[in-house]
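**Student:** My questions all concern the structure below.
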Amino acid sequence: MIIERHEIEKLATLSRLSIDEKTITDVTERLSSVLDLVAQLQSADTVSAQGIFRPFQVAQRLRADEVTEGNHRDEFQAIAPATDNGLFIVPKMID
């Protein structure tokens, strides 16, 4: 697929971009090559392609949900600058 120069100029106007002559030529060539690649990919035969294996289709073996770490809140709050009723007090960040 070929992109025409006037289409690039129209896109630049709609997006309120200032594009010089050399850039228009470069953008036209690059977009044309990208669209050619897309057309080439669309023409590929994918009917006989086999689907991708997804691990989500297999049942996951889950481990038992066991507590391995104790509650250290009191220890952490003992060294915190400010706490109130079991909560950490932090400076206000947003007005």
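Just so you know, all these numbers are worked out from the coordinates, no wet-lab data involved. Every value quoted in this text rests on a predicted model; they were computed, and no experiment measured them. Methodologically, a virtual Cβ is constructed for each residue, glycine included, from the backbone with ideal geometry; neighbour enumeration extends over all protein chains shown.
**Student:** Only one of these conditions is not met by L37: (1) under 32 Å from the mean Cα position of the chain (by Cα); (2) without any contact (Cβ under 8 Å) to a residue 24 or more places away in the chain; (3) in a loop (DSSP other than H, G, I, E, B). Which number is it?
**Tutor:** Condition not satisfied by L37: (3).
**Student:** Residues of region 3-34 being part of a helix (DSSP H, G or I) and among the charged types (D, E, K, R), which ones?
**Tutor:** R5, E7, E9, K10, E21, K22, D26, E29, R30 - these are the residues of region 3-34 that are part of a helix (DSSP H, G or I) and among the charged types (D, E, K, R).
**Student:** Report yes if some residue within region 18-27 is over 18 Å from I3 (Cα atoms), exposed (fewer than 10 other Cβ atoms within 10 Å of the Cβ) and either free of Cβ contacts under 8 Å to residues at least 60 places away in the same chain or not aromatic (F, W, Y) (or both); otherwise report no. Before you say what the answer is, go through the steps one by one.
**Tutor:** Keep residues of region 18-27 that are over 18 Å from I3 (Cα atoms), which gives 18.
Cutting the leftovers down to exposed (fewer than 10 other Cβ atoms within 10 Å of the Cβ) gives us 18.
Next cut, either free of Cβ contacts under 8 Å to residues at least 60 places away in the same chain or not aromatic (F, W, Y) (or both) only: 18.
Yes, region 18-27 has at least one match.
**Student:** Then there is this: Take region 11-34 and flag every residue that is charged (D, E, K, R) and over 29 Å from the mean Cα position of the chain (by Cα). Don't jump to the end; show me each part of the working.
**Tutor:** To start, the set of residues in region 11-34 that are charged (D, E, K, R) comprises 16, 20-22, 26, 29-30.
Those that are charged (D, E, K, R) and over 29 Å from the mean Cα position of the chain (by Cα): D20, E21, K22.
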